[in-house]
Amino acid sequence: EVLPLEWDDDFGERLEESQVTLRDFTFPMSGRDWDAFFVNQHGTISFGAGERAFSIGRFAELRESGDDIINTVPVISAFLKPRMSGPRYVKQLEDRVVVTWTLTEPYGGVFDFTWTPTVNRFQAVLHRDGTIELSYDELAAQDAIVGVYPLPGSGARVPLFTMADAEDPFVPGARDVRAVRASVVDGIGVEVTFETRSPVPPERDPRVAGTAYRILFDLDAPFAPHDTADADVVWMIEGTDDGSYEASGRGALPGVRVDGRTITMLGRGDVFEGADSVAAFVDVTSLSRARPIFDRLAPAVAALPPLRDPEVDLSAASAEQGAAGVRYEVFHHVGRPDTEGMACTVIRALGDQFDFLVYFSDFRIDNQEGGTPSTGAIGSTVRGYGRAGGRSPARYCSDGRLQATYIQPVPISANQAMREPPDEDMLAPPGDPTSRKPGAGPYDFAMTQMSHELGHRWAAFASAIVGNDTIRLGPTHWRLGLQAPAAFPYRRPVEASTMGGAVWQENGDGTYTLLADNFYVPASGYSHLDLYLMGLLPPSEVPDFFVLTNLSRAGTDAQGRPVYTGDKVTITIEDFIAANGQRWPPFEESQRQFNTGFVGIVLNGQEPSPELIERMNGIRETWIDYWSKATGGVATMTATVERAGVSVRTPR
């Protein structure tokens, strides 16, 4: 229930590590009495394991991430916001424990929304009787997950159905399912347990890979035969190549439990919303392309009891609702516009006249970073860069002109959409080539993002063949050991490629000094290898380069630069072509002139803000200048629209 704020100004002791051992009592949570818990940096308390026991993906939307904690470890989420940092405090009393966080959102970086720290101060009080109080003194952040996450199953459990099957001696024992049991747990989820003839391989066992235990649910009576295409919900436990089990499918929750001859998963019950009964079909299949079925069980039909949504409005909570179970609320910004939808909206209105599309918005979207990934290559008109081809242009309503886009808009409130930091002291020192601060030029952070993400149209996924060895130079970003100086530095005398790699100084004693690292801040140019892949440098002008394998830190030189040892492998462009094929079209026929569409995204019914127009124009002008410098003038960039005066708005 919602109560007046009670704030304890005496925080107690500052924590130096996450684990806290209780002195005066044990705390009841998720059907157990705990004598210790973990206070995590991102605003949670967990029991049995620290914050690595559960995670939210780097580009995940919070509005879809509340489920990601269910079925991991018991968690109290006071204010879960990824990437937060700061001190945590604990004060232990005879009848309660007070936990206080004073955290800041990330600041000063290329993916951040602020140049300076912010204040987010909140408390969790854990009482001896199991009562939990969450109190908020000051919050700058507007998005987080708040709630309680006992492990499902510690409350009510209602059997749903049991399926039995005879032994099949011709099927390997761990793939021969003898029984499947399903239960509704805590009124929110459906737990499915597969029982096999012989023990299920534990995680990290090589036999895990390639097998999938699958259950298909049909919600539409009369129920059809076992048919994947007709199934309304499909859940699957997959054995991955790294020896782990993963639950997948709409509504599937994290956490797979193996116990002898059983393997169990849990899914959200609200995926069955509107259905009074369900038919279930079970099989065990392979993840190979052929998809053979090892075992199949006769279907079961069951009536569905009422199921509740664990996501609630906490402000409407009341004590009469009883013990909490899993209940949480997610506070989040506007959902991300669809990437393909944005491209289609623009191209349908203005025509297929853009090689690249980049998006900016004057509102925050539901993402923890102020930057964006890219689509990578769209289309297959270029070959010989380590990839067979890119995404289909038709998905973006292009006939083949479009080559790459941002995945999502960059909010103009983000650091990288600003011309410069508010204080010159925040700029990178001119003599520090490994600094991760912005450079002195305008929109430096924006140039790091655009050059890098749009550069993924060609790089960095390739390998080289040296002798009998295939050496991976990526993937995704050039590896740190790759010697990849910028061919035409953007602003500094020494720059590593914006796509990764480094600039190494060979010291003649088996050591190498890192002169410029593989992180692309401040903005830097493209390497000779990048320009070859872009079709802007002939192979004859790509000098020999090298990669350092078995890198090991060996200290620091007199200027404070990192020193490493490593094994040097020299690579020629012929070695590169041997692994990836000739670049096509070749330099003589490759594209020289490129056009980028700068797209402003606004909320429905609103006009673009002056800041959105101003910053988009500033970034556009800087991008044209960057492209000329970074390509040595071989290529030109424009940002033109042939048909003016068209208002373009996305449907979301």
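The values are calculated or read from the model by the stated rules, or taken from the named source; none is laboratory data. Since the structure is predicted, the reported quantities are computational estimates derived from the model, not experimental observations. As a convention, Cβ positions derive from the backbone with ideal geometry for all residues, glycine included, and neighbour counts pool all protein chains shown. Accessible surface is based on the protein model in full, side chains and every heavy atom, while ligands, DNA and RNA are left aside. Shrake-Rupley method; radii C 1.70, N 1.55, O 1.52, S 1.80 Å.
Below, the figures for the structure above:
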| read-out | value |
| --- | --- |
| Count of segment 19-44 residues which are of a type in the set (Ser, Thr, Tyr) and modelled with pLDDT under 95 | 1 |
| Residues of segment 485-514 that turn out to be assigned to a strand (DSSP E or B) and either among the basic types (Lys, Arg) or surrounded by fewer than 19 Cβ atoms within 10 Å (Cβ to Cβ) (or both), as a count | 4 |
| Matching entry among Met236, Met265 (being without any contact (Cβ under 8 Å) to a residue 40 or more places away in the chain and in a strand (DSSP E or B)) | Met236 |
| Candidate set from segment 89-125 (those that are farther than 19 Å from Gly12 by Cβ and among the charged types (D, E, K, R)); member that is least open to solvent (accessible area, probe 1.4 Å) | Asp112 |
| Filter pass, Met499 being closer than 16 Å to Gly632 by Cα and among the aliphatic types (A, V, I, L, M) | no |
| Members of segment 291-311 that are part of a loop (DSSP other than H, G, I, E, B) and free of Cβ contacts under 8 Å to residues at least 60 places away in the same chain | Arg291, Pro292 |
| Filtered residues of segment 461-480 (kept if in contact (Cβ under 8 Å) with a residue 60 or more places away in the chain, buried (at least 20 other Cβ atoms within 10 Å of the Cβ) and assigned to a loop (DSSP other than H, G, I, E, B)) | Phe461, Ala462, Leu473 |
| Qualifying residue in segment 523-530 (condition: surrounded by 17 or more Cβ atoms within 10 Å (Cβ to Cβ), at pLDDT 95 or above, aromatic (Phe, Trp, Tyr) and within 28 Å of the chain's Cα centre (by Cα)) | yes |
| In segment 371-430, the residues that are of a type in the set (Ser, Thr, Tyr) and not in a loop (DSSP other than H, G, I, E, B) | Ser374, Tyr396, Thr405, Tyr406 |
| Lone qualifier among Ser380, Ser398 - being among the small types (Gly, Ala, Ser), at pLDDT 95 or above and over 15 Å from Arg615 (Cβ atoms) | Ser398 |
| Residue satisfying all of: in segment 269-307; under 31 Å from the mean Cα position of the chain (by Cα) and of a type in the set (Ser, Thr, Tyr); most open to solvent (accessible area, probe 1.4 Å) among these | Ser288 |
| Residue among Ala166, Ala141 that alone is out of contact with any helix residue (DSSP H, G or I) (no Cβ under 7 Å at 6 or more places or on another chain), among the small types (Gly, Ala, Ser), outside any strand (DSSP E or B) and modelled with pLDDT under 95 | Ala166 |
| Tally, over segment 4-19, of residues that are touching a residue at least 12 places away in the same chain (Cβ under 8 Å) and either under 17 Å from Glu133 (Cβ atoms) or hydroxyl-bearing (Ser, Thr, Tyr) (or both) | 8 |
| Index of the failed condition, Gly43 passing every other in (1) in contact (Cβ under 8 Å) with a residue 40 or more places away in the chain; (2) surrounded by fewer than 20 Cβ atoms within 10 Å (Cβ to Cβ); (3) over 20 Å from Gly255 (Cα atoms) | (2) |
| Subset of segment 234-262 that is over 22 Å from Asp220 (Cβ atoms) and in contact with a Lys or Arg (Cβ under 7 Å, 6 or more places away or on another chain) - its residue that is surrounded by the fewest Cβ atoms within 10 Å (Cβ to Cβ) | Gly243 |
| Unmet requirement for Val410, which otherwise passes all of (1) out of contact with any strand residue (DSSP E or B) (no Cβ under 8 Å at 6 or more places or on another chain); (2) surrounded by 22 or more Cβ atoms within 10 Å (Cβ to Cβ); (3) without any contact (Cβ under 8 Å) to a residue 60 or more places away in the chain | (1) |
| Leading residue by the ranking (modelled with the highest pLDDT) among those in segment 68-88 that are at positive phi and surrounded by fewer than 23 Cβ atoms within 10 Å (Cβ to Cβ) | Gly86 |
| Unmet criterion (only one of (1) free of Cβ contacts under 8 Å to residues at least 40 places away in the same chain; (2) in contact with a His (Cβ under 7 Å, 6 or more places away or on another chain)) for Ala487 | (1) |
| Segment 202-218, residues that are assigned to a loop (DSSP other than H, G, I, E, B) and either within 19 Å of Trp235 (Cα to Cα) or modelled with pLDDT of 95 or more (or both) | Ala209, Gly210 |
| Residue within segment 162-170 that is surrounded by fewer than 17 Cβ atoms within 10 Å (Cβ to Cβ), over 31 Å from the mean Cα position of the chain (by Cα) and of a type in the set (A, V, I, L, M) present | yes |
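This table checks each residue for (1) of a type in the set (Asp, Glu); (2) crowded, with 18+ Cβ neighbours inside 10 Å; (3) more than 16 Å from Ala404 (Cα to Cα).
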position	(1), (2), (3)
Asp309	yes, no, yes
Ala317	no, no, yes
Gly341	no, no, no
Thr372	no, yes, no
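Conditions (1) free of Cβ contacts under 8 Å to residues at least 60 places away in the same chain; (2) closer than 26 Å to Phe445 by Cα, marked per residue:
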{"position": "Asp575", "(1), (2)": "no, no"}
{"position": "Asn595", "(1), (2)": "no, yes"}
{"position": "Phe598", "(1), (2)": "no, yes"}
{"position": "Ile601", "(1), (2)": "no, yes"}
{"position": "Glu614", "(1), (2)": "yes, yes"}
{"position": "Thr636", "(1), (2)": "yes, yes"}
